[in-house]
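Novice: Handing you this structure, nothing more for now.
Just so it is clear, none of the values below were taken in a lab; they were calculated from the coordinates. Source: prediction; values computed, not measured. When we count neighbours, we look across all protein chains shown, and the Cβ atoms used for this are built from the backbone with ideal geometry, even at glycine.
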Amino acid sequence: MASAAGIAFTDESCANDSGCRPPAGVVGGSYSHTVQIRPGGGTAPYTYTVSSGALPPGLSLNASSGAITGTPSAAGTYTFFLDGGDACPDASSCIISPPHPPPCGGYPDVGGTCRFLHAAAQRDFTIVIQPGLRILTNSLPQGATVGAAYSATLETQLVTNLNPLTGTTPGQLTWSIVPGSGTLPPGLTLANGIISGTPTTEGAYQFKVQAELDPSRKHSQTYSLTVRQPLKIAAPKPFATSPLPTLWEVGVPFTSKLTPTGGSGTYSFTLAAGSLPTGLALAADGTVVGTPRTAGVYRATLRLSDNEGRTADYAANFGVATRLAVSTLALRPGKVGLLYRAKLATTGGLLPKKWKIKTGPLPRGIRFDRTLGLLSGTPTRPGRYRVTFEATDALKVPSTKTLVINVLP
């Protein structure tokens, strides 16, 4: 029994007898192609099914419209058979429209009414999926700084499979900033997949980079890059100006806070090298605090870091002296009428040092130089004189000693 008017796939991809070849796709790219049934064949609407083989992974077939859509996930050549069937499932349910009385011209006559038979077409389709180009670098390393060299390499891949992501290294690519998508920071350029240069202007920049292998395979990625001022460290007193050493003393409390500027504004200090004087500690906010317990020379590198990878160093060199002490144990006796001279001495402490007499009179005729700690003169009266001397150093650390001056007749 003959069928209705012939039903067949007639879209452009079926122009020859070697099978239908819809447009090629690329891995990771959007794909869309709609197969077509010859108008007038069979009874609309049509239903599309895959009778054998398989669509490329990531694509699906709309049974009602014949649309093949999706995102191909694996490269390869995929051949499958499509059935296109009409709406007439059997010879008893589809009446020719408009109704047509016999003779039916080859169509079945059922109870005096001409009817269609179910009509179907089957055709093999082949879709080629090419490896797709992809920029794998999703974000740029931050830390771009005015006046400092910057470089970021964008990684690419010719993707053959999305799950898992596999592929090969692509050939020569053409790189560009997509027009209208923004600009690179002044001082930076894009060449061969590398963004590099020396930024000249701080600010927040957004732009879209495109890599192209051929007209059908290109990929773009949007990036943000913030350029900031360099990190700097200010060291207030009692820190000395680096690299000069900070002079301090055993037993004297020390506290000072390093002040950061520039960078991202989120800071942290660490001890990068060397050591601080025993008894001092560095806090993450840049505070150095404590009381030195041991004299000596200490060299430490205090490193400032921000949360975008910038760093700056401060050379915290310390010279810690022993505690100031009056070291003179006794004074030699004097004699009335004879020139007297004696110099007080100290150990430890920091220059300059100053002296004063706290208690007790000096023998008459004797003077005391407060800068040199020098007793000098000619005693005029005999006696035993008990005097308390005090030395004070640059850190205002005091040390006292009570000494006796005997003046003989």
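Novice: Please report, in debye to the nearest 20, how large the charge dipole of the chain is about its Cα centre when each Lys and Arg carries +1 at its beta carbon and each Asp and Glu carries -1 there.
Specialist: Computed about the Cα centre, the dipole is about 5860 debye.
Novice: Please report how far the C-alpha centroid of region 372-409 lies from that of region 305-342, rounded to the nearest whole angstrom.
Specialist: Region 372-409 and region 305-342 have Cα centres separated by 21 Å.
Novice: So which of LYS232/LYS396; LYS343/LYS401; LYS237/LYS401; LYS237/LYS356; LYS353/LYS401 end up more than 22 Å apart by C-alpha?
Specialist: LYS232/LYS396; LYS237/LYS401; LYS237/LYS356
Novice: Mind checking which of THR166, GLY265, SER151 is farthest towards the positive end of the chain's charge dipole, using Cβ charges of +1 (Lys, Arg) and -1 (Asp, Glu) about the Cα centre?
Specialist: Checking the options against the dipole of the chain, the answer is GLY265.
Novice: Rounded to the nearest 5, what % of DSSP beta bridges with both residues in region 325-408 are antiparallel?
Specialist: 95
Novice: Still on this model: Quote the relative contact order of region 337-383 in percent (integer), defining contacts as alpha-carbon pairs under 8 Å separated by 6+ residues.
Specialist: 50
Novice: Assigning unit charges at the beta carbon (Lys, Arg +1; Asp, Glu -1) and nothing else, what dipole magnitude in debye, to the nearest 20, does region 306-409 show about its Cα centre? Can you show the working numbers first?
Specialist: Working: 18 positive and 6 negative charges, 216 e Å.
Taking the Cα centre of region 306-409 as origin, the dipole is about 1040 debye.
Novice: Let me ask something additional. Rounded to the nearest 20 Debye, what is the dipole magnitude of region 232-321 about its Cα centre when Lys and Arg each give +1 and Asp and Glu each give -1 at the C-beta?
Specialist: 120
Novice: Place +1 on the Cβ of every Lys and Arg and -1 on the Cβ of every Asp and Glu in region 305-409, take the dipole about the Cα centre, and give the residue among LEU403, PRO363, VAL336 whose Cα lies farthest towards its positive end.
Specialist: Going by the Cα projections, it comes out as VAL336.
Novice: Moving on to the next point. Report the local net charge at PHE269: Lys and Arg +1, Asp and Glu -1, summed over other residues whose C-beta lies under 12 Å from its C-beta.
Specialist: Result for the local shell: -1.
Novice: Then there is this: Of PHE9, SER242, TYR385, which is farthest towards the positive pole of the chain's charge dipole, taken about the Cα centre with +1 and -1 on the beta-carbons of Lys, Arg and Asp, Glu respectively?
Specialist: Among PHE9, SER242, TYR385, the one farthest towards the positive end of the dipole of the chain is TYR385.
Novice: So what's region 277-375 giving for Cα Rg divided by 2.2 N^0.38 Å, two decimals?
Specialist: With N residues counted in region 277-375, Rg over 2.2 N^0.38 Å equals 1.79.
Novice: If you don't mind, there's one more thing I want to ask. Note down the net charge around THR145, summing +1 for each Lys or Arg and -1 for each Asp or Glu among other residues with Cβ under 12 Å from its Cβ.
Specialist: Around THR145, the charge tally is 0.
Novice: A further question on this structure: Can you spot the lysines whose alpha carbon is less than 26 Å from LYS218's alpha carbon? Ignore those fewer than 8 places along the same chain.
Specialist: LYS208
Novice: Got the relative contact order for region 132-227 handy, in percent, Cα pairs under 8 Å and 6 or more residues apart? Present the calculation step by step, with values, prior to reporting the outcome.
Specialist: Values: 221 pairs, mean separation 33.0, N = 96.
It comes to 34 percent, rounded to a whole number.
Novice: Report relative contact order for the chain in percent, whole number only (criteria: Cα-Cα under 8 Å, sequence separation at least 6).
Specialist: Relative contact order comes out at 10 percent.
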